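Below: the structure, in structure tokens.
The values are calculated or read from the model by the stated rules, or taken from the named source; none is laboratory data. Remember, predicted model here, so these are calculated numbers, not experimental data. Quick reminder, even Gly has a Cβ in these numbers, built from the backbone with ideal geometry, and neighbours come from all protein chains shown. We work out accessible area using only protein heavy atoms, side chains counted, and drop any ligands, DNA or RNA first. Shrake-Rupley method; radii C 1.70, N 1.55, O 1.52, S 1.80 Å.
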Amino acid sequence: YKNHAITDAKGIVLACITTPANITDTEMLQAIVDRTGLKEGFLMADRGYDSEYNRDILKFRNIEDGIMRRAYKNQDEETKKNTKNQNAFIQKARYVIERTFGGIVLWFNGKRSRGSFEKWIAIAPKRF
């Protein structure tokens, strides 16, 4: 099983969905965002949620896209470099969700590793 969770900018869990392990992460973004009722903000997510469909969902809801990008084999060097820099920026800001995951493991005796069990999405309030 995998838990897909969404937190606010402080790390408070807003919604959580548990799915069988054979469900891809890209299929779960809309469901988890629907559970929160969010209409704006900045969403940061790992590469598992990377898809054009998910970006369209965020754009439609006026949520800024902070989904990490996957690297592809036939990308030119400039695109690879830009993707790597963008992902590094997002990864630095995702410490909030990583801290939440660590707290869940510590407080609720979580047993499985992050990579095989938990997928986390962080939402930050939109700044003007």
* Structure fact -> Selection from segment 35-59 of residues among the acidic types (Asp, Glu) and either within 16 Å of Ala9 (Cβ to Cβ) or open to solvent by 40 Å² or more (accessible area, probe 1.4 Å) (or both) yields Glu40, Glu52, Asp56
* Using the structure shown, decide if Gly66 is modelled with pLDDT of 85 or more, part of a strand (DSSP E or B) and small (Gly, Ala, Ser). => yes
* Structure fact -> In segment 21-34, anything touching a strand residue (DSSP E or B) at 6+ places or on another chain (Cβ under 9 Å), surrounded by 15 or more Cβ atoms within 10 Å (Cβ to Cβ) and not aliphatic (A, V, I, L, M) is listed as Asp25
* Asked: From the set of residues in segment 69-87 that are part of a helix (DSSP H, G or I), of a type outside the set (Ser, Thr, Tyr) and open to solvent by 50 Å² or more (accessible area, probe 1.4 Å), which is farthest from Leu38 (Cα to Cα)?
  -> Glu77
* Could you grab the pairs with beta carbons closer than 7 Å, sequence gap of 6+ or different chains, first residue in segment 3-14 and under 11 Å from Arg35 (Cβ atoms), second one of a type in the set (Phe, Trp, Tyr)? => Ala5/Trp120
